[in-house]
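> If you scroll down you'll find the structure; I have some questions about it.
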């Protein structure tokens, strides 16, 4: 398992999110987009982004909960993710806690009656931040491979 292989799969799930979510509004025929699979795909994409960073740091990458994966990251990476997601406004920890188990919760949402909501905007910002940082590890991996060939 390499940062590149993990991030590649993350990008596939993000593309599936985009296809399911559409623009987030009902389609022209009034039918809503496939929000549950969209959230599941976005959450899994974020999870894999975290795991790409962890693999790049030589750290264990088990689990689904964002909070637990986030805590395994080096302090400077955690600070960078927070800055990229919420800037100086704060509130990152509470927002992360609310979506931490999104992959499992939304994957099994049919088991829980009632109304469900999730902050897709926060998830999207988290995805972008995690992907941006994971890309650095992929670049480092490629540079090492090219240097080994030279």
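> Would you kindly state how much longer the chain becomes between residue 136 and residue 33 on full extension, computed as 0.36 nm times their sequence separation minus their alpha carbon distance, in nm to one decimal?
Separation in residues times 0.36 nm, less the Cα-Cα distance, equals 33.8 nm.
> Which one, 21, 115, 137, has the greatest fluctuation when you compute a Gaussian network model over the chain with C-alpha springs under 10 angstrom?
The residue with the greatest mean-square fluctuation here is 115.
> Moving on. Tell me the label-point distance for the pair residue 128, residue 143, using the 7 Å Cα-to-Cβ offset, in nm and rounded to one decimal.
2.5
> Assuming 0.36 nm per residue, please report the length gained on full extension of the stretch residue 19 to residue 121 beyond their Cα-Cα distance.
Contour length minus the Cα-Cα distance gives 35.1 nm.
> Under a crude label model (7 Å from the Cα following the beta-carbon direction), how far is residue 62 from residue 83 in nanometres?
3.3
> Next up: Please report 64, 116 as a ranked list, fewest other C-beta atoms within 10 angstrom at the top and most at the bottom.
Ordered from fewest to most neighbouring Cβ atoms within 10 Å, 64, 116 come out as 116, 64.
> Which value at 222 nm does the chain reach when only helices count, each DSSP H run of 4 or more adding -39,500 (n - 2.57), with the total divided by all residues and rounded to the nearest 500 deg cm²/dmol?
Mean residue ellipticity, 222 nm, calculated: -22500 deg cm²/dmol.
Values quoted throughout were computed directly from the atomic coordinates according to the rules given, and no laboratory measurement underlies them. Note that the structure is predicted; figures quoted are calculated from it, not measured. Cβ atoms come from the backbone with ideal geometry, glycine included; neighbour counts cover every protein chain shown.
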